[in-house]
Amino acid sequence: MKVTKGFITGGERILLNRYSAMGDVLEVFPFAKALKEAYPEIHLTWFVATPWDEFVRCQPYVDDVIVWNQKSRNVNFIKSILEVRKRKFDKLLCFQGTDRGALLSLLSGIPVRVGTHRWAKFAYTHNARDVAKFLGLKNCKRPWVYVTKEAEFKAREIRSKVDGPLLFSIIGASKTVKRWPAKRWIELSHRLKLLGWGLVLIGHGKEEETIASEIVGNAKGVQVINLVGQLSLVETAALARECDAALGGDTGFMHLVKLIGLPAVGLFGPTLPEQVGLAEIESALVSSCEKVGCGNWECPNQECLGSIKSNEVADALEKVLRKP
C-alpha cells in the first residue's frame, strides 16, 4: 500500500474515530500521540463512546472529543453524527471497521476519509486497514497514559495502606469464560501472603462485586483492598501506576497496564494474546483446554481458565518482577 504523499500538511481539522471498546480505544493511543508529534499544527478531535471518553479527555495530544452517549444508542448516535457534520472536519481517520463506523464516515460530510469495512469500502475515499501505515507513521511507541492530579492523589492514598508489593488484581472480564475462578484467586492470596504481598481488586458490575466479596471473605490474613465498582476509569489507571505487577485475563484493563508498562501476567483460554493485541505482555499463561483460542463464549466449560493453577501464577509473578 502506498502512502499518500503530503496527505497531512499541517493545520487541518482531523477527526479520529475509535469509539469502543476500552482495550481497542487504548490501543490507538500510541498512534494518536505519534500523529500529533509528527503534525503538531493539526487540531485532533476524537470520536469516542461513553465511558471511554474519560480516558481520552486526559491525553494532552488530543485537542477535543465528540462523545457518543450510549444510553440511548441510536438516537444519540444520530446526534453525534450531526455534531460531526457541524464541525466541518477536513479529514477522517477511522479505526472502527464496523457498520456504525462506515455509517459515520458516509454521513460525516468530511471530504477525505481513511478507513475500511468488510463490504462497504465505498464509505471511504482511501481504503486502508492499517491507518498508521497508510500515513507512514513508524514511531507509534507505547505512550504513558496521562491521568488527573486528583486521581494521582487518591491512588497514592490507597497505595499507602499496603506495606509490601501490591498486585493490581483484574478479577473480572466481559464474559464469564474469560475469568479466573474466585477459588484460584483465594489460593493465590494465601501464597502471596507468605511473600508479603497485598492485593487490590479491580472491576465493575454486580457479578464482579460478588466475586470480590467471595475473595475478601476467604482470603484470611491477607492484605486485600476491594475497590470493585468504586473507582472511575482514570482513578483506576492512576492506581495501576502505583502497583508493582498486574494479573488478569483478556480485558480492557490488561490493555491499560500494557500501555502503562506495568509488569503483567495474563491468563488466557477462549482467546490468545496474539488474537487480542496482548502479545507484548511479560508473561502469558494459557488454559490446558484443547480448544484454546476458540472464542466460544457459551462454552459448557465456563471455568476454562481454572486449569491455570495458582502456584503457576505465583511463580510467573515472581519471574516478571525479577526482569530488569
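Overall size of region 13-135 from C-alpha positions, given as principal axis extents largest first: 34, 30, 27 Å.
The phi torsions of region 304-312, fed into the Karplus equation with coefficients 6.51, -1.76 and 1.60 and a -60° offset, translate into couplings of 3, 6, x, 6, 7, 7, 5, 5, 4 Hz, rounded to whole numbers, with Gly and Pro shown as x. Taking the centroid of alpha carbons for each part, region 57-76 and region 7-40 are 14 Å apart. Database remark: amide H of Ser287 closer than 5 angstrom to the amide H of Phe268, Gly269 (H placed geometrically; neighbours at sequence offset of 5 or more, or on other chains; Pro and chain starts carry no H). Charging the Cβ of each Asp and Glu at -1 and of each Lys and Arg at +1, and nothing else, the dipole of the chain about its Cα centre rounds to 920 debye.
Taking Cβ atoms as reference points and 10 Å as the exclusive limit, the residues near Asn17 contribute a net charge of +3, counting Lys and Arg as +1 and Asp and Glu as -1. The alpha carbons of the chain give a radius of gyration and a Dmax of 21.0, 63 Å, in that order. Spin-label model, Lys88 to Glu214: label points 7 Å out along the Cα-to-beta-carbon direction sit 5.8 nm apart. Among residues other than Val200 with Cβ under 10 Å from its Cβ, the summed charge is +1 (Lys and Arg +1, Asp and Glu -1). 3J(HN,Hα) along region 127-140, derived from phi through the Karplus expression 6.51 cos²θ - 1.76 cosθ + 1.60 where θ = phi - 60°, amounts to 7, 8, 6, 10, 5, 4, 5, 4, 7, x, 7, 10, 9, 8 Hz, with x in place of Gly and Pro.
Between rounded, prolate and oblate, where does region 153-322 land on the alpha carbon gyration tensor, with a ≥ b ≥ c its root eigenvalues, rounded for a/c under 1.5, else prolate if a/b exceeds b/c? Rounded shape, in that the Cα axes give a/c under 1.5. Distances between placed amide hydrogens fall under 5 Å for Val65 paired with Trp46, all partners being 5 or more residues away or on another chain. Amide H to amide H, with H built 1.01 Å from N, Asn17 comes under 5 Å of Phe47, Leu93, Cys94, Phe95, counting only residues 5 or more places away or on other chains.
Between region 246-324 and region 112-190, how far is it from one alpha carbon centroid to the other, in angstrom? That distance is 14 Å. Rg over Rh for region 157-258 works out to 0.92, both radii taken from alpha-carbon positions and Rh defined as the Kirkwood radius.
The string of couplings for region 194-204 from the Karplus curve (6.51, -1.76, 1.60, θ = phi - 60°) is 5, 8, x, 7, x, 10, 10, 8, 10, x, 7 Hz, one whole number per residue in order, with x for Gly and Pro.
Comparing Gly10, Ser213, Pro143 along the charge dipole axis of the chain, the residue lying farthest to the positive side is Gly10, per the Cβ-charge model. For region 92-243, a Kirkwood hydrodynamic radius built from all Cα pairs, placed in the Stokes-Einstein relation at 25 °C and 0.890 mPa s, yields a translational diffusion coefficient of 131 µm²/s. Only one residue of Leu194, Ala237, Pro263 has its Cα farthest out toward the positive end of the dipole of region 153-322, where Lys and Arg carry +1 and Asp and Glu -1 on Cβ, and that residue is Leu194. If I fit a long axis through the Cα atoms of helix 149-159 and take the longest principal axis of the Cα atoms of the chain, what angle between them do I get, 0 to 90°, rounded to 10? The two axes meet at around 20 degrees.
Read-outs: derived from the displayed coordinates by stated rules, not from any lab. Computed from a predicted structure; not experimentally measured. With ideal geometry, Cβ positions are generated from the backbone for all residues, glycine too; neighbour counts draw on all protein chains shown.
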